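Okay, so here's the structure we're looking at.
The values are calculated or read from the model by the stated rules, or taken from the named source; none is laboratory data. All figures in this text were calculated on a predicted structure; none of them were measured in a lab. For neighbour counting, all protein chains shown are included, and Cβ atoms are generated from backbone atoms with ideal geometry for every residue, glycine included.
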Amino acid sequence: MNAPRTLNGHVSHWFAEHGPVTPREPLIGDATADVCIVGGGYTGLWTAYYLKKAVPFLRITVLERKFCGYGASGRNGGWLYNGIAGRDRYAKLHGKDAAARLQQAMNDTVTEVVRAADDEGIHADIHRGGVLEVAYTPAQLTRLKAFHEDEVGYGDRERLLLGARETAERIRVAGAVGSTWTPHGARLHPAKLVTGLAAAVDALGVSIHESTPVTEIRPKHAITPYGTVRAPYVLRCTEGFTADLKGLRRTWLPMNSSMIVTEPIPAELWETIGWDGRETLGDMAHAYMYAQRTADDRIALGGRGVPYRFGSRTDNDGRTQPATVDALREILVRFFPALARTGIDHAWSGVLGVPRDWCATVALDRSTGLGWAGGYVGSGVATANLAARTLRDLVQQDSGQGTATELTALPWVNHKVRTWEPEPLRWLGVQSLYAAYRTADHREAGLRSAVTDPIARWADRVSGRG
Ligand SMILES: Cc1cc2nc3c(=O)[nH]c(=O)nc-3n(C[C@H](O)[C@H](O)[C@H](O)COP(=O)(O)OP(=O)(O)OC[C@H]3O[C@@H](n4cnc5c(N)ncnc54)[C@H](O)[C@@H]3O)c2cc1C
């Protein structure tokens, strides 16, 4: 059971630790801009940042419903890593070379975020310890080896495949039988990154209006209760909240992910765990977990809670179900039995955007000036930065201030996908999918077979992921 002392919701531990936010002034009346960006998360803010750096005289307005970082950008697991949703599908659609270019761009993006944060003096507890993903059942080990081979095939030559002993030399996860490690990842403090980025964007002369909900986006218009911003380019950077916008309910499914953070863990317990390299840590379960060792020696750990709310409802300031908190705590103790008595200080959840084909996209419709980026399916900390630099190039190309670039030629640009099914099919589909993944994990742990459970393979196929 999670103790009554566990704070629940209040956006996230990252913001609770960071201190209260005073929102910037809302929009007051109609306004004009050259580019209007809807949403003040990593996607919107990085886009404003790179556009303003490229063309300093551009008048850019960011409209944010609550405050910058209120969404997933202020709530995530702080894995800055090179994974991108949809790479393998893009390989099928556009060929392996195109997908390899996308992967290389993602590898470079990890370095770019670290560089830009450094340049702007953003102190976001960034530690470049790479990513360690562990297996603790025979079926997970089979998937891990296949995953490792795939990544090496995409050029990740520094990636290591580690046995049980080498894994334990890094992090002593109970029962781990192997792992794969890549240097293309870093741990960071999400709220420090997003608030620092908002301050940098502000300082560049971008107008950021907070407490300003956009109710509808039309070509050249972003409509709010306080006035309309008219701009030749309106860029939608609302990711998991996109379903709230008029006409976009079935575009990207708002999927929940939940997190817990422990109290600071004393040195003697760290001696039993290891984790001196501060790698971000994940596993190969179907209902996977992700974790980091924070700068102040806590463990922040996340996974799937109640995956989806009926009707694409999105948020209640990050409050999460007690059963989810218990489930995450069980994973923590299953990984690190020495933490059985460690307190959980905070639990929260957030939404991420899932397209019908689980492929991240960035796009600019040249006939309307409407652009968008997202559908990152939970791998958005680095991807949002690549999307932002791509939106910059697309806007510059369209406005005649630039030409096609390596980024505008990547296979995820202007990718089209059908919308999700109407309710109740959407709700039933997602519930069954995650029930199937949980069952598959359970059976794999029980049967000790080295083969992925057929229920998970079925779920991959029907969901469009396989
Ligand atoms: C719990 C959790 C853990 C995660 N962990 C990781 C991780 O470790 N690594 C990783 O790579 N990815 C992770 N992700 C995903 C990643 O955080 C997101 O993909 C990324 O932050 C998306 O950034 P964004 O700017 O596109 O969207 P968001 O950060 O969600 O920002 C959208 C912004 O738009 C605003 N907005 C929404 N609607 C409107 C409107 N109508 N009008 C005005 N403003 C609006 C919102 O308030 C919000 O601030 C995680 C996500 C969650 C929820």
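General observations
- Selection from the stretch 1-37 of residues that are more than 15 Å from the ligand (Cβ to nearest atom) and among the basic types (Lys, Arg): Arg5
- Scanning the stretch 68-80 for residues that are in a helix (DSSP H, G or I) and of a type in the set (A, V, I, L, M, F, W, C) yields one hit, Ala72.
- The numbered conditions (1) of a type outside the set (Lys, Arg); (2) within 16 Å of the chain's Cα centre (by Cα); (3) within 12 Å of the ligand (Cβ to nearest atom) are all true for Leu253 except (3).
- Where strands (runs of 3 or more DSSP E) fall entirely within the stretch 279-382, those with at least 2 residues that are at pLDDT below 95 and closer than 19 Å to Gly74 by Cβ are at 344-354.
- Yes/no for Ala363 being under 19 Å from Thr43 (Cβ atoms) and surrounded by fewer than 22 Cβ atoms within 10 Å (Cβ to Cβ): yes
- One residue from Thr238, Thr212, Thr224, Thr262 being more than 8 Å from the ligand (Cβ to nearest atom) and closer than 24 Å to Asp315 by Cα: Thr262
- Annotation: of all residues in the stretch 382-409 being surrounded by fewer than 24 Cβ atoms within 10 Å (Cβ to Cβ) and among the hydrophobic types (A, V, I, L, M, F, W, C), the one that is farthest from the ligand (Cβ to nearest atom) is Ala404.
- Condition check for Thr280: among the hydroxyl-bearing types (Ser, Thr, Tyr) and under 19 Å from Leu80 (Cβ atoms): yes
- Verdict on Asp108 being closer than 14 Å to Thr383 by Cα, without any contact (Cβ under 8 Å) to a residue 40 or more places away in the chain and either away from the ligand (no atom under 15 Å from the Cβ) or of a type in the set (A, V, I, L, M) (or both): yes
- Residue identified as near the ligand (Cβ under 6 Å from one of its atoms) and in contact with an Asp or Glu (Cβ under 6 Å, 6 or more places away or on another chain) among Gly40, Gly44, Gly71, Gly78: Gly40
- Residue, farthest from the ligand (Cβ to nearest atom), within the stretch 329-350, restricted to residues that are of a type outside the set (Gly, Ala, Ser) and farther than 21 Å from Asn8 by Cβ: Pro337
- Count - residues of the stretch 81-101 that are more than 15 Å from the ligand (Cβ to nearest atom), out of contact with any Cys (no Cβ under 8 Å at 6 or more places or on another chain) and not in a loop (DSSP other than H, G, I, E, B): 11
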